[in-house]
Amino acid sequence: MYNLTHLKQLEAEAIHIMREVVAQFENPALLFSGGKDSICLVKLAEKAFWPSKIPFPLVHIDTGHNFPEAIQYRDELVARIGAKLIVGNVQDSIDKGTAVEEKGPNPSRNGLQTITLLETIEKYKFDACFGGARRDEEKARAKERFFSHRDEFGQWDPKNQRPELWNLYNGKKAKGEHFRVFPISNWTEMDVWQYIAAEQIPIPSIYFSHEREIVERDNMLLANSPFITLGKGEQVEKRIVRCRTVGDMTCTGVVESTASTLDEIIQEVSSARVTERGGRADDKRSEAAMEDRKKQGYF
Amino acid sequence: MSTILEEERFITENYLNMDLLRFTTAGSVDDGKSTLIGRLLYDSKSIFADQLEAIEKTSENKGYGYVNLALLTDGLRAEREQGITIDVAYRYFATPKRKFIIADTPGHIQYTRNMVTGASTANLTIILIDARHGVVEQSRRHAFIASLLQIKHLVVCINKMDLVNYSQEVFETIKKDFEGFSTKLEVPDIHYIPISALNGDNVVDKSDNMDWYKGATLLYTLENVHIASDHNLIDARFPVQYVVRPMNDEFHDYRGFAGKVEAGIFKPGDEVIALPSGFSSKIKSIDFFGEQLNEAFPPMSVTLTLEDNIDISRGDMLVKANNQPEISQDIELMVCWLNEKKMIPNGKYVIKHTTKEVRCMIKEVRYKVDINTLHKNEEDKSIGLNDIGRILIRTTLPLFFDSYKKNRTTGSVIIIDEFTNETVGAGMII
């Protein structure tokens, strides 16, 4: 009878972690992408500190290649909950010369996000950043800690992560170092969807089925946008699709789907044969792609 | 026949009623541990097409004659190169009954630290024994660590039964051998299952090759082991994590004490005492995002408000007047050392216990445990990486604690190096 269901346990764990961060750090922030995982984080933060407002800002690292629906959602959310929003623009890093736009047929600003993120962290002196990463997403993330230590260059050293025991989290650090904190590490994609359904959390419309212009590339469907250059033999078609993740428009795949309600999405996810990151071109570059990007300071 | 019914699995109503079992797996590189986990994930349909495709490709490149399910769990490139697992990796799968979190830890002697880490949050441990080799030193070590970490349920999987002609005699001999050893441990619930992880015998589906085995399959055991009573519901403990003070018009005088219920049950109207001050008050409300709850129990994260305005901050603990924890600065611990740098006798460290952080000095090493024989070594008292020993510490401020046996969360500490900030030790209060 005194048994908490698994989703309630995961919620309690995430709230506990968020409160630990606010208690242990001076200047935390929440990395908000507009995706469903960071939307969950915002809901958990609201719960953790109620009736106070969320005691840290939301930070959006903006590649400039956004789904307009995601930006609209972001602005509405921030207004509704009275949170502070800080935007770090990849374009600013490019203009400053600290980031260089990729060349080649399939340029992406995804990698450049890391540079802008680290610059934003430094500018605002954030010492802990919440991220919505989950361990079920990708192999390299299966070993990620809740409190992930980053050195003064913002880098992750897989061999030098602190052991995490019980629910005791060690956020001690030297000057200039910071932490990434992943409160929903133990959630699966299905947990996130079920939580969104159970809590009736609004999500950006692009997660639901809609008609969109797409380009087929490397067995992926990419949303057509001014940021995509058509390759040889490639053409724009209209399809009924939805997003499984929300990221940079140039590298986030969409899937053909008629799921137009949360229940339908849940049914689709439960029978899906490809992991959600399977539709991200950035992971496909090499088998160890994620590990490499994490070492450089990626989310 | 598969026990997982796809249609049944994800109906929201069922999904929201599932409970959670955390387990750890221990075994050496050759015991087939990764294969077993791969099998559980594969047979419970928790592997996706692109993941399968990636390991098929790698298996082919490496010249394996079969799809090596072990590749699913070998995460980091450093490991794939060495072919061993070097850290704790977490895996997830679900059946209609339960959701599972696996803490997958390597079995080598040098990785005691990872096993302790994985076991610290687990309800259950799976120990893998190679049917051809029987109970080896390592099996005993794994069982000892599970017992030390107060894991209540042990599942001993005797693997590779296909390589011993599915012999009942082999199974019974190993079982008897393990039983002889396990009487020295403090694990109340032990199961023995003959399996072949490679072929799937008795993992998810019952084996046709072992009619003599009348017990449950591994998955059935994982789905049905009784974990509801694993939490301590008697000794009410609420370490204060954070004080919520909105200071806005609507909640002008609101002071809420946010935290996680670590043991016992709290209800509005309960008389509570705040430690260390000793002031008492009554619980006015248990708040959760605008809702007022009738009770709170572990491991819920809630916010308590009190009838009286007493001074309470992070690191304090709310308890019941008639059931208080021990309060002391002199504390005996079983410690597992996690760092290459040895423990310094009389050294000073930082301790984290519940939401409290204090400094401490290592006063004495009582003995070191030989984790293979359980022999207490009182001569060699140097505690280095992967060593387990009993120590006495003195803290700068009193801690409010229970023995680890009574309550895992108020009985555990981590030890931190003041200079490097690394977590160097894990302690269980005696």
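The values are calculated or read from the model by the stated rules, or taken from the named source; none is laboratory data. Note that the coordinates shown come from a computational prediction; the quantities given were computed from them, not determined experimentally. Ideal geometry is used to build each Cβ from the backbone, glycine not excepted, and the neighbour counts take in all protein chains shown.
Only one residue in B:LYS368, B:LYS320 is closer than 29 Å to B:ALA296 by Cα, out of contact with any Pro (no Cβ under 6 Å at 6 or more places or on another chain) and at pLDDT 95 or above. Which one?
Numbers: B:LYS368 fails: closer than 29 Å to B:ALA296 by Cα.
Unique residue meeting the criteria: B:LYS320.
Being more than 8 Å from chain B (Cβ to nearest Cβ) and under 14 Å from B:ILE416 (Cβ atoms) narrows it down to one of A:GLY176, A:GLY171, so name that one. Spell out the reasoning first.
On the way: A:GLY176 fails: under 14 Å from B:ILE416 (Cβ atoms).
Testing whether each residue is more than 8 Å from chain B (Cβ to nearest Cβ) and under 14 Å from B:ILE416 (Cβ atoms) leaves just A:GLY171.
Would you confirm whether any residue within the stretch B:191-200 is in a strand (DSSP E or B) and hydrophobic (A, V, I, L, M, F, W, C)?
We begin by selecting, within the stretch B:191-200, every residue in a strand (DSSP E or B); these are B:191-194, B:196.
Going one step further and asking which of them are hydrophobic (A, V, I, L, M, F, W, C), we end up with B:193.
Yes, that holds for at least one residue.
Examine the stretch A:131-145 for a residue that is part of a loop (DSSP other than H, G, I, E, B), assigned by TED's automatic domain parsing to the domain that holds A:GLY88 and either without any contact (Cβ under 8 Å) to a residue 12 or more places away in the chain or among the aromatic types (Phe, Trp, Tyr) (or both), and state whether such a residue exists.
Within the stretch A:131-145, the first condition is being part of a loop (DSSP other than H, G, I, E, B), and the residues that meet it are A:131-138, A:144-145.
Cutting the leftovers down to assigned by TED's automatic domain parsing to the domain that holds A:GLY88 gives us A:131-138, A:144-145.
Adding the requirement that they be either without any contact (Cβ under 8 Å) to a residue 12 or more places away in the chain or among the aromatic types (Phe, Trp, Tyr) (or both) leaves none.
No: zero hits.
For B:TYR242, work out the one condition from (1) among the aromatic types (Phe, Trp, Tyr); (2) under 30 Å from A:VAL22 (Cβ atoms); (3) part of a loop (DSSP other than H, G, I, E, B) it doesn't fulfil.
(3)
Can you spot a residue in the stretch B:304-317 that is buried (at least 17 other Cβ atoms within 10 Å of the Cβ), within 13 Å of chain A (Cβ to nearest Cβ) and among the polar types (S, T, N, Q)?
Within the stretch B:304-317, one or more residues are buried (at least 17 other Cβ atoms within 10 Å of the Cβ), within 13 Å of chain A (Cβ to nearest Cβ) and among the polar types (S, T, N, Q).
Got a number for residues in the stretch B:282-305 being among the hydrophobic types (A, V, I, L, M, F, W, C) and either in contact with an Asp or Glu (Cβ under 6 Å, 6 or more places away or on another chain) or farther than 27 Å from A:LYS43 by Cβ (or both)? Reasoning before the result, please.
Let us first name the residues in the stretch B:282-305 that are among the hydrophobic types (A, V, I, L, M, F, W, C), namely B:283, B:286, B:288-289, B:293, B:296-297, B:300, B:302, B:304.
Checking which are either in contact with an Asp or Glu (Cβ under 6 Å, 6 or more places away or on another chain) or farther than 27 Å from A:LYS43 by Cβ (or both) leaves us with B:283.
So the answer is 1.
Mind checking which residues of the stretch B:173-199 are surrounded by fewer than 17 Cβ atoms within 10 Å (Cβ to Cβ) and over 25 Å from B:ILE371 (Cα atoms)?
B:ASN199, the sole residue that qualifies.
Among the numbered conditions (1) surrounded by 23 or more Cβ atoms within 10 Å (Cβ to Cβ); (2) within 14 Å of the chain's Cα centre (by Cα), tell me where A:ASN66 comes up short.
Condition not satisfied by A:ASN66: (1).
Identify, by number, the condition in (1) within 14 Å of chain A (Cβ to nearest Cβ); (2) at pLDDT 95 or above that B:ASN339 doesn't meet.
So the condition that B:ASN339 fails would be (2).
Report yes if B:ILE351 is in the same structural domain as B:ILE415 (by TED's automatic domain parsing), aliphatic (A, V, I, L, M) and without any contact (Cβ under 8 Å) to a residue 24 or more places away in the chain, otherwise no. Explain how you work it out, then say what you get.
Working: in the same structural domain as B:ILE415 (by TED's automatic domain parsing): yes; aliphatic (A, V, I, L, M): yes; without any contact (Cβ under 8 Å) to a residue 24 or more places away in the chain: no.
It is false that B:ILE351 is in the same structural domain as B:ILE415 (by TED's automatic domain parsing), aliphatic (A, V, I, L, M) and without any contact (Cβ under 8 Å) to a residue 24 or more places away in the chain.
Are there strands (runs of 3 or more DSSP E) fully within the stretch B:344-430 with at least 3 residues that are within 14 Å of chain A (Cβ to nearest Cβ) and closer than 30 Å to A:ARG150 by Cβ? List them. Can you show your working first?
Values: elements: B:348-353, B:356-369, B:388-401, B:412-416, B:423-429.
Qualifying strands (runs of 3 or more DSSP E): B:348-353, B:356-369, B:412-416, B:423-429.
Report whether or not B:GLY27 is modelled with pLDDT of 80 or more, crowded, with 17+ Cβ neighbours inside 10 Å and small (Gly, Ala, Ser). Let's see the steps before the verdict.
Details: modelled with pLDDT of 80 or more: no; crowded, with 17+ Cβ neighbours inside 10 Å: yes; small (Gly, Ala, Ser): yes.
Criteria not met by B:GLY27.
Take the stretch B:268-299 and flag every residue that is touching a strand residue (DSSP E or B) at 6+ places or on another chain (Cβ under 7 Å), more than 9 Å from chain A (Cβ to nearest Cβ) and not hydrophobic (A, V, I, L, M, F, W, C).
Of everything in the stretch B:268-299, those that are touching a strand residue (DSSP E or B) at 6+ places or on another chain (Cβ under 7 Å), more than 9 Å from chain A (Cβ to nearest Cβ) and not hydrophobic (A, V, I, L, M, F, W, C) turn out to be B:PRO268, B:GLY269, B:ASP270, B:GLU271, B:PRO276, B:SER280, B:SER281, B:LYS282, B:LYS284, B:SER285, B:GLN292.
Considering only the stretch A:13-49, how many residues are surrounded by fewer than 22 Cβ atoms within 10 Å (Cβ to Cβ) and of a type in the set (Phe, Trp, Tyr)?
1
Name the single residue, out of those in the stretch B:229-247 being of a type outside the set (A, V, I, L, M, F, W, C) and more than 8 Å from chain A (Cβ to nearest Cβ), that is surrounded by the most Cβ atoms within 10 Å (Cβ to Cβ). Steps first, please.
Taking the stretch B:229-247 and keeping what is of a type outside the set (A, V, I, L, M, F, W, C), we get B:229-232, B:235, B:237, B:239, B:241-242, B:245-246.
Okay, now just the ones that are also more than 8 Å from chain A (Cβ to nearest Cβ), so B:229-230, B:232, B:235, B:237, B:239.
Working: B:SER229: 10, B:ASP230: 17, B:ASN232: 19, B:ASP235: 17, B:ARG237: 28, B:PRO239: 23.
Checked the stretch B:229-247; the qualifying residue surrounded by the most Cβ atoms within 10 Å (Cβ to Cβ) is B:ARG237.
Say we look at the stretch A:33-62 and pick out the residues that are within 13 Å of the chain's Cα centre (by Cα) and β-branched (Val, Ile, Thr); which of these is nearest to A:GLU101 (Cα to Cα)?
Filtering first and then ranking leaves A:ILE61.
Of all residues being among the aliphatic types (A, V, I, L, M) and within 14 Å of chain B (Cβ to nearest Cβ) in the stretch A:191-244, which is surrounded by the most Cβ atoms within 10 Å (Cβ to Cβ)? Just the residue, please.
First pass over the stretch A:191-244, keeping only residues among the aliphatic types (A, V, I, L, M): A:192, A:196-198, A:201, A:203, A:206, A:214-215, A:220-223, A:228, A:230, A:236, A:240-241.
From the residues that got through so far, the ones that are within 14 Å of chain B (Cβ to nearest Cβ) too are A:192, A:196-198, A:201, A:220.
On the way: A:VAL192: 24, A:ILE196: 20, A:ALA197: 17, A:ALA198: 16, A:ILE201: 16, A:MET220: 18.
This residue is A:VAL192.
Can you tell me which residue among B:LEU149, B:LEU163, B:LEU124, B:LEU128 is hydrophobic (A, V, I, L, M, F, W, C), crowded, with 23+ Cβ neighbours inside 10 Å and more than 13 Å from the chain's Cα centre (by Cα)? Steps first, answer last, please.
Working: B:LEU149 fails: more than 13 Å from the chain's Cα centre (by Cα); B:LEU163 fails: crowded, with 23+ Cβ neighbours inside 10 Å; B:LEU124 fails: more than 13 Å from the chain's Cα centre (by Cα).
Matching residue, one of B:LEU149, B:LEU163, B:LEU124, B:LEU128: B:LEU128.
Inspect the stretch B:157-176 for any residue being modelled with pLDDT under 95, among the polar types (S, T, N, Q) and in a loop (DSSP other than H, G, I, E, B) and give the result as yes or no.
no
Checking the structure you have, find out if any residue of the stretch A:74-97 is within 14 Å of chain B (Cβ to nearest Cβ), under 30 Å from B:LYS97 (Cβ atoms) and not basic (Lys, Arg).
Checking the stretch A:74-97: not a single residue is within 14 Å of chain B (Cβ to nearest Cβ), under 30 Å from B:LYS97 (Cβ atoms) and not basic (Lys, Arg).
Please verify whether the stretch A:171-187 includes one or more residues that are surrounded by fewer than 20 Cβ atoms within 10 Å (Cβ to Cβ), in contact (Cβ under 8 Å) with a residue 60 or more places away in the chain, acidic (Asp, Glu) and not in a strand (DSSP E or B).
No, the conditions are met nowhere in the stretch A:171-187.
Going through B:TYR213, B:TYR220 one at a time, which residue ends up being outside any strand (DSSP E or B) and buried (at least 20 other Cβ atoms within 10 Å of the Cβ)?
On the way: B:TYR220 fails: buried (at least 20 other Cβ atoms within 10 Å of the Cβ).
Sole residue among the options that is outside any strand (DSSP E or B) and buried (at least 20 other Cβ atoms within 10 Å of the Cβ): B:TYR213.
Residues in the stretch A:158-168 that are more than 8 Å from every other protein chain (Cβ to nearest Cβ) and in contact with an Asp or Glu (Cβ under 7 Å, 6 or more places away or on another chain): how many?
Pass one, the stretch A:158-168, residues more than 8 Å from every other protein chain (Cβ to nearest Cβ): A:160.
Remaining after also requiring in contact with an Asp or Glu (Cβ under 7 Å, 6 or more places away or on another chain): none.
Total meeting the criteria: 0.
List the strands (runs of 3 or more DSSP E) inside the stretch A:205-256, counting only whole elements, that have at least 1 residues being touching a helix residue (DSSP H, G or I) at 6+ places or on another chain (Cβ under 7 Å).
On the way: elements: A:210-217, A:220-223, A:236-243, A:253-256.
The qualifying strands (runs of 3 or more DSSP E) are A:220-223, A:236-243, A:253-256.
Do you know which residues across the stretch B:183-241 are over 25 Å from the mean Cα position of the chain (by Cα) and not small (Gly, Ala, Ser)? Reasoning before the result, please.
Residues of the stretch B:183-241 over 25 Å from the mean Cα position of the chain (by Cα): B:196, B:198-201, B:205-215.
Once the filter is applied, which keeps residues that are over 25 Å from the mean Cα position of the chain (by Cα) and not small (Gly, Ala, Ser), the stretch B:183-241 yields B:LEU198, B:ASN199, B:ASP201, B:ASP205, B:LYS206, B:ASP208, B:ASN209, B:MET210, B:ASP211, B:TRP212, B:TYR213, B:LYS214.
Looking only at the stretch A:1-59, which residues are charged (D, E, K, R), assigned to a helix (DSSP H, G or I) and within 12 Å of chain B (Cβ to nearest Cβ)?
Filtering the stretch A:1-59 down to residues charged (D, E, K, R) leaves A:8, A:11, A:13, A:19-20, A:26, A:36-37, A:43, A:46-47, A:53.
Still in the running and assigned to a helix (DSSP H, G or I): A:8, A:11, A:13, A:19-20, A:36-37, A:43, A:46-47.
Those that are charged (D, E, K, R), assigned to a helix (DSSP H, G or I) and within 12 Å of chain B (Cβ to nearest Cβ): A:LYS8, A:GLU11, A:GLU13, A:ARG19, A:GLU20, A:LYS43, A:GLU46, A:LYS47.
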